[in-house]
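Right, one structure below, let's go through it.
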């Protein structure tokens, strides 16, 4: 790839500077080098997100979160050997170094040809949208238009651009509006199957209605979200963490409108004026392994947080993926107007 040099960052680069390189390039990858161009480590989007979860500041040196023991290959091997290494380790990129460990090239798996993914995308579309009435009196919330197209069409396009084209729509309220518009998905160059909820099933309960059980990890997403998340990075994060379930989370902050008093017994220790608290909240996007379907009761209301709590109780590994891209839950009228004013994907 001619522009592989764009992947190189110096060891004194910050997390923020490296994040911009990864975000602004289709490469989605960075190689950390010293002044002599010797490789020190590599950085992926997943490394950055894990650093954010640990509380690393954006001004921290990138060396604090890089993978300091990356897979590399020497320059005296065949292209066939490089491909073998990448396939065996499920790598998208492979730095090539000389005898002194100086980076002289970076190979990219996409040279082998792009492909679509088999992973299923389940979209939960059965909500009543009561807080958006009268807009939802005759139109299900996912079919409300943001810009010039329905929310649901924007969601489908978001997955499609990363090669995910196998959809299951879980529908209930005004389902015929969705089915008439999308039909089997052929017009949108995807495939769509429908699961019909005859009663409220919750964000996880409808998964018990699958006509065909998935064999690969699959996405579940609420149908009233607008986001510019990279779904391929999300799936890669899930697989690398070897989790049975991954929940996307969003940082939420709120300010206490009073001075907060800290005490030790009857002694006043400090006063914090209107402190800001930050927490991660559920973002309504998940990746699940087929195994988790065993824990979902049949034909019952069951929400996704309850499923995650059960998996934790059963000692399964579950992960969180912090969203730092655009994300908006269109739950209220203010959110709907805000989305029409600012969402760039329409």
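Observations on the structure shown:
- Of the residues 224, 98, the one with the fewest other Cβ atoms within 10 Å heads the list, and the complete ranking is 98, 224.
- 0 to 90° range, to nearest 10: angle between helix 333-342 axis and the chain longest Cα axis: 40 degrees
- Relative contact order for region 4-112: 24 percent, from Cα pairs under 8 Å spaced at least 6 residues apart, divided by residue count.
- Between region 60-103 and region 116-138, the Cα center-to-center distance that results, in Å: 42 Å
- Angle between the chain longest axis and helix 15-24 axis [Cα atoms, degrees, rounded to 10]: 70 degrees
- Antiparallel beta bridges, as assigned by DSSP with both residues in region 4-112, represent about 70 percent of the total such bridges.
- Going by neighbour counts of Cβ atoms within 10 Å, the residues 250, 38 line up, fewest first, as 38, 250.
- D_trans [Stokes-Einstein, Kirkwood Rh over alpha-carbon pairs] for region 4-112, 4 °C, 1.567 mPa s, µm² s⁻¹: 92 µm²/s
- Computed from Cα atoms, the angle from the helix 151-160 axis to the main principal axis of the chain rounds to 30 degrees.
- Region 101-218 - Rg over Rh from alpha carbon coordinates, Kirkwood radius: 1.10
- Alpha-carbon centroids, region 267-326 and region 150-229: separation in whole Å: 22 Å
- Counted by neighbouring Cβ atoms within 10 Å, the residues 189, 47 run from fewest to most as 189, 47.
- Per-selection Kirkwood Rh - the chain (Cα, Å, 1 d.p.): 22.6 Å
- Dividing the summed -39500 (n - 2.57) terms of all DSSP H runs of n ≥ 4 by the residue count of the chain sets its mean residue ellipticity at 222 nm at -6500 deg cm²/dmol.
Just so you know, all these numbers are worked out from the coordinates, no wet-lab data involved. Please read all numbers here as calculations on a predicted model, not as lab measurements. No Cβ is skipped: glycine too gets one built from the backbone with ideal geometry, and neighbour counts run over all protein chains shown.
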